[in-house]
1. Charged (D, E, K, R), open to solvent by 60 Å² or more (accessible area, probe 1.4 Å) and assigned to a helix (DSSP H, G or I): is that true of Glu186 in this structure?
2. Taking the residues in segment 130-165 that are outside any loop (DSSP other than H, G, I, E, B) and of a type in the set (Phe, Trp, Tyr) as candidates, determine which candidate is modelled with the lowest pLDDT.
3. Within segment 193-204, restricting attention to residues that are open to solvent by 30 Å² or more (accessible area, probe 1.4 Å) and touching a residue at least 60 places away in the same chain (Cβ under 8 Å), which residue is farthest from Phe152 (Cα to Cα)?
4. Evaluate the following for Val221: is it touching a residue at least 12 places away in the same chain (Cβ under 8 Å), closer than 16 Å to Met105 by Cβ, buried (at least 16 other Cβ atoms within 10 Å of the Cβ) and not basic (Lys, Arg)?
5. Report, by residue number, each residue of segment 225-234 that is open to solvent by less than 10 Å² (accessible area, probe 1.4 Å), closer than 18 Å to Leu27 by Cβ and of a type outside the set (Ser, Thr, Tyr).
6. If I filter segment 235-247 for residues that are over 30 Å from Pro159 (Cβ atoms) and open to solvent by 50 Å² or more (accessible area, probe 1.4 Å), do I get at least one hit?
7. Quickly run through segment 80-107 and pick out the residues that are of a type in the set (Val, Ile, Thr) and part of a loop (DSSP other than H, G, I, E, B).
8. If you check every pair at least six apart or on different chains, which have Cβ atoms under 8 Å apart with a residue in segment 230-259 that is farther than 15 Å from Glu21 by Cβ first and a residue that is at pLDDT below 50 and exposed (fewer than 14 other Cβ atoms within 10 Å of the Cβ) second?
Amino acid sequence: MPSIATVVGIHGAWAGSWVWEPIREPLARHGLDFVAVSLPGTPEQLDISIPADLAGNVHAVLHAIEGLSGPVILAGHSGGSLTATATAEAIPHRVAGVVHVAGMMLPSGMSYRELCLSFGERFADGVGVQEYLERQFSSEQTVVPPEVAVAFYFQLAEPRAAIATARRLLPQAESNRTMRATWTAERAGRVPRLYVEALYDRSLPIDVQRKMQQLSPGALVVSLPSDHAPQLSQTLELADAIAGFAEELALTPRGMTPR
């Protein structure tokens, strides 16, 4: 069966391309090819000349898709959504759609920190893992301890998978969490979007996810009874949601928003 499209997975903070591996086969059964990007600053990204910032992230995604043919769907997980949005802004003609998986679907120019501050005292000190982060190597890098990741990211996954995945998280530059994507209605704003809600997310609470949807309206929404990583806890359901979006895009004349 010919591929409907290629899904390009973009990981979030402290993670790597491996966070997407569970859904590779389920997507293939839907007729979707899959490519996972290794962002700058991770051990998987061998080109150390690429800066570990938003521009560097977009560069890595562009390099990953430059040899692909057919429609491309960007799937950003958590902070990877900022990179997905920035990439769609850079090459809107090449991106058929963007999927935000419990992601940072933020208005143009807004940082996650600013979003948290918009909730007032409730999230003034951040949400999720913020207070449990440990400094590594220098004050400019943090890491999520495995026990914290299991409790806040993977609490609904099978325990062995949750623990093994939590142990793979690595330090990242704190500057990554202050990234902000600047995008326009004429470019990224014209690319169809799907937001996959994680209803039981302890890292990015559902109230925060829905505030982003209100601030950046127009996305289709699928709700999953998931923690922060539906790739592990709702693997087949996440693949179904992405495949359904892909099929919708395939049936939609170019330039029109999906139903």
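1. For Glu186, the condition - charged (D, E, K, R), open to solvent by 60 Å² or more (accessible area, probe 1.4 Å) and assigned to a helix (DSSP H, G or I) - is not met.
2. Residue satisfying both the conditions and the ranking: Tyr132.
3. Per the criteria, the residue is Arg193.
4. Against the criterion (touching a residue at least 12 places away in the same chain (Cβ under 8 Å), closer than 16 Å to Met105 by Cβ, buried (at least 16 other Cβ atoms within 10 Å of the Cβ) and not basic (Lys, Arg)), Val221 does not qualify.
5. Within segment 225-234, Ala229, Pro230, Gln231 meet the criteria.
6. So far as segment 235-247 goes, yes, one or more of its residues are over 30 Å from Pro159 (Cβ atoms) and open to solvent by 50 Å² or more (accessible area, probe 1.4 Å).
7. Ile91 - this is the single residue of segment 80-107 that is of a type in the set (Val, Ile, Thr) and part of a loop (DSSP other than H, G, I, E, B).
8. Short answer, once both residue conditions are applied: Glu248/Arg259; Thr252/Arg259.
The values are calculated or read from the model by the stated rules, or taken from the named source; none is laboratory data. All of these numbers come straight from a predicted model, not from anything done at the bench. Quick reminder, even Gly has a Cβ in these numbers, built from the backbone with ideal geometry, and neighbours come from all protein chains shown. Please note that ligands, DNA and RNA were not included when accessible areas were found on the heavy atoms of the full protein model with its side chains. Shrake-Rupley method; radii C 1.70, N 1.55, O 1.52, S 1.80 Å.
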